[in-house]
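S.K.: The structure that follows is given in the form of structure tokens.
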Amino acid sequence: MNILDEIIAHKYKEVEERKALYPVKLLEKSLYFETPCLSLERYLLRPDKSGIIAEIKRKSPSKGDINPYVSVERTSIGYMQAGASALSILTDSNYFGGKNEDLMIARKYNYCPILRKDFTVDEYQIVEAKSIGADAILLIAAALEPERLKQLAAFARSFGLEVLLEVHSQQELEASLSEDVTIVGVNNRNLQTFQTDVALSLELAQHIPSGMTKVSESGLKSPKTLIELQAAGYNGFLIGETFMTDGRPERAAAEFIRELRQLQQNLSLASAQA
Ligand SMILES: O=C(O)c1ccccc1NCC(=O)[C@H](O)[C@H](O)COP(=O)(O)O
């Protein structure tokens, strides 16, 4: 069994337990339930922003502990002050050390789109995502049958949540697209080997229908790589480890974004002179 299959099998059990503990009616009483969502897609396309979705990730199956005692309040505020476009909060506890409260803290302190990064397999988790203040959810093509994925995407949209569809191949992409998906993420991490390779994003870019917002996910370590991805049509960049392995993730993000802006400025100067 690969790690994704293991995570998904565990998630089905976890969701059944949560349904018994916190019935949907209880979730619907949340403070955030009636609040309109902020559009992740719109923020990723804003020219004044970096396109970076900065992630809070305490641990992972590939790396073990990364930053287990991170302050979500300080880091999320710092990420946004550094120029991130949005936040990604891992709420899976068993494999990533996250919790719903992390997202609720990020929501309390930031006015920006928040992606609930979890392994969504059931409508219950979508109601939960909305109730804790998320603006978007992740649906992973490798974890769901295409028809099931489309049902969940439609359900998410009915709550105003946007969907980031995560794919690893052209086949997954073609099988999972629907009118409810406008943001496609290519995950550069091979979940069998845990190796990351940005070449996958560069290769799949041409197969993502125009009009979709493209996000490259995982293993993004340098601003130069983002410049290359931008040239291939990517507007969004999901970054976790590169920031979280620094004792001060928000400082790492600020340095990264400063360097990115400098590279972008050099490029536009060069093209103006040409
Ligand atoms: O990160 C892992 O080890 C992992 C293993 C199995 C499923 C998902 C996994 N990661 C989740 C993510 O998608 C990443 O946290 C996200 O794309 C950011 O990646 P990175 O910048 O490399 O931390």
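The values are calculated or read from the model by the stated rules, or taken from the named source; none is laboratory data. Treat the numbers as computed from the prediction; the structure is a model and nothing was measured. All Cβ positions, glycine included, derive from the backbone under ideal geometry; neighbour counts span all protein chains shown. Protein only, heavy atoms only, side chains kept; ligands, DNA and RNA dropped before computing areas. Shrake-Rupley method; radii C 1.70, N 1.55, O 1.52, S 1.80 Å.
S.K.: As a check on your grasp of the helix formula, calculate [θ] at 222 nm for the chain: sum -39500 (n - 2.57) over DSSP H runs of n ≥ 4, divide by the residue count, round to the nearest 500. Before the final figure, lay out each step's value.
M.R.: Numbers: 12 runs with 123 residues, N = 274.
About -13500 deg cm²/dmol.
S.K.: Turning to a different aspect of this structure: Across the chain, where is the longest run that never hits chymotrypsin sites (Phe, Trp or Tyr not before Pro) in a DSSP loop with at most 14 other C-beta atoms within 10 Å?
M.R.: 112-193
S.K.: Just want to confirm a number: the relative contact order over region 177-255, from Cα pairs under 8 angstrom separated by 6+ residues, in percent. Each step should come with its number before you reach the end.
M.R.: Numbers: 98 pairs, mean separation 21.0, N = 79.
The value is 27 percent.
S.K.: Another one. If you roll a 1.4 Å probe over the chain with all protein chains in place, what percent of the accessible area is carbon or sulfur?
M.R.: Of all accessible area on the chain, carbon and sulfur atoms account for 51 percent.
S.K.: Per-residue accessible area for Ser222 at 1.4 Å probe radius, Å² rounded to 10?
M.R.: That residue has around 40 Å² of solvent-accessible surface.
S.K.: For the chain, report the translational diffusion coefficient in µm²/s to the nearest whole number, using Stokes-Einstein at 20 °C, 1.002 mPa s, and a Kirkwood Rh over Cα pairs.
M.R.: Estimated via Stokes-Einstein, D reaches 114 µm²/s.
S.K.: Right, something else. From the protein chains alone at 1.4 Å, what is the descending order of accessible area for Met244, Met80, largest first? Write down the numbers at each step before the final one.
M.R.: On the way: Met244 0, Met80 35 Å².
From most accessible down to least: Met80, Met244.
S.K.: Translational diffusion coefficient of region 171-274 at 25 °C, 0.890 mPa s, Stokes-Einstein with Kirkwood Rh over Cα pairs, in µm²/s as a whole number.
M.R.: Estimated via Stokes-Einstein, D reaches 163 µm²/s.
S.K.: Of all GluC sites (Glu not before Pro) in region 1-50, which ones are in loop regions per DSSP and have a Cβ with at most 10 other Cβ atoms within 10 Å? Intermediate values should be presented prior to the final figure.
M.R.: Details: sites: Glu6, Glu14, Glu16, Glu17, Glu28, Glu34, Glu41; in loops: Glu28, Glu34.
Answer by residue number: Glu34.
S.K.: Can I ask one more? Give the residue list of GluC sites (Glu not before Pro) in region 103-183 that are DSSP loop and have at most 13 other beta-carbon atoms within 10 angstrom. Don't skip to the end; give the middle numbers.
M.R.: Numbers: sites: Glu123, Glu128, Glu147, Glu162, Glu166, Glu172, Glu174, Glu179; in loops: Glu179.
Passing sites in region 103-183 are Glu179.
S.K.: I've got another one for you. Any idea of the accessible area per residue across region 149-274, 1.4 Å probe, to the nearest Å²?
M.R.: 47 Å²
S.K.: While we're here: From Cα pairs below 8 angstrom and at least 6 apart in sequence, can you work out the relative contact order of the chain, rounded to a whole percent?
M.R.: Taking the mean separation of contacting Cα pairs over the length of the chain, I get 19 percent.
S.K.: For region 3-273, give the share of DSSP beta bridges that are antiparallel, in percent and rounded to the nearest 5; count only bridges with both residues there.
M.R.: Of all bridge pairs located within region 3-273, approximately 10 percent are antiparallel.
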